[in-house]
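A.B. asks: Below is the structure I would like to discuss, written out as structure tokens.
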């Protein structure tokens, strides 16, 4: 988790606009499922791509979906044409997504986010109900396992005091 925190800190320090989604969001909401990568929704605008470059450049980012691990050399203008960006860095894997299944584009994701302090790093995180919708929409086995836990957490949070 320390490496993920370091990536989050770098993104925030460089004013990258993003919302934490996926497994880390699930863990932040109380899931016990383990994940070692970071998934974020973000606009891949030219300005945000420039900030992303600055935040990650010295971590030797490479495209993780290419067989040879092609270095991230695209200009911010070129990155602005991408829908998603899947990277491996010296600190771990980070995926930047322009859209989230079950939620929509970045603006919809941002509207469904809450602000969470993660060891002194203030980040937007997909809300619990929205995360459940996104996991349901993905429909993979690991997402269904997360949905069961997240729904139980949501049910517990929604219980009125004194009912449990």
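Since every read-out is calculated from the coordinates, none of them should be taken as a lab result. Please read these numbers as outputs of a predicted model, since none were measured by experiment. Ideal geometry is used to build each Cβ from the backbone, glycine not excepted, and the neighbour counts take in all protein chains shown.
A.B. asks: Which percentage, to the nearest 5, of the DSSP beta bridges contained in the chain is antiparallel?
C.D. replies: Given both bridge residues lie in the chain, the antiparallel proportion sits at roughly 80 percent.
A.B. asks: Would you give the gap between the C-alpha center of region 1-16 and the C-alpha center of region 115-141, rounded to a whole Å?
C.D. replies: 16 Å
A.B. asks: Rule-of-thumb check for region 2-156: C-alpha Rg over 2.2 N^0.38 Å?
C.D. replies: Rg over 2.2 N^0.38 Å, computed on Cα atoms: 1.00.
A.B. asks: Something else: Fully extended, how many nm does the chain gain between residue 121 and residue 54 (0.36 nm per residue separation, minus their Cα-Cα distance)?
C.D. replies: Additional length available on full extension: 22.3 nm.
A.B. asks: Taking the Cα-to-Cβ direction at residue 82 and at residue 156 and moving 7 Å from each Cα, how far apart do the two end points lie in nm?
C.D. replies: Distance between label points: 3.7 nm.
A.B. asks: Helix 2-13 against the longest principal axis of the chain: what's the angle in degrees, Cα atoms only, rounded to the nearest 10?
C.D. replies: Computed tilt is about 70 degrees.
A.B. asks: Related question: Using only Cα atoms, find the angle between the long axis of helix 46-56 and the longest principal axis of the chain, and express it within 0 to 90 degrees, rounded to the nearest 10.
C.D. replies: Relative to the chain, helix 46-56 is tipped by roughly 90 degrees.
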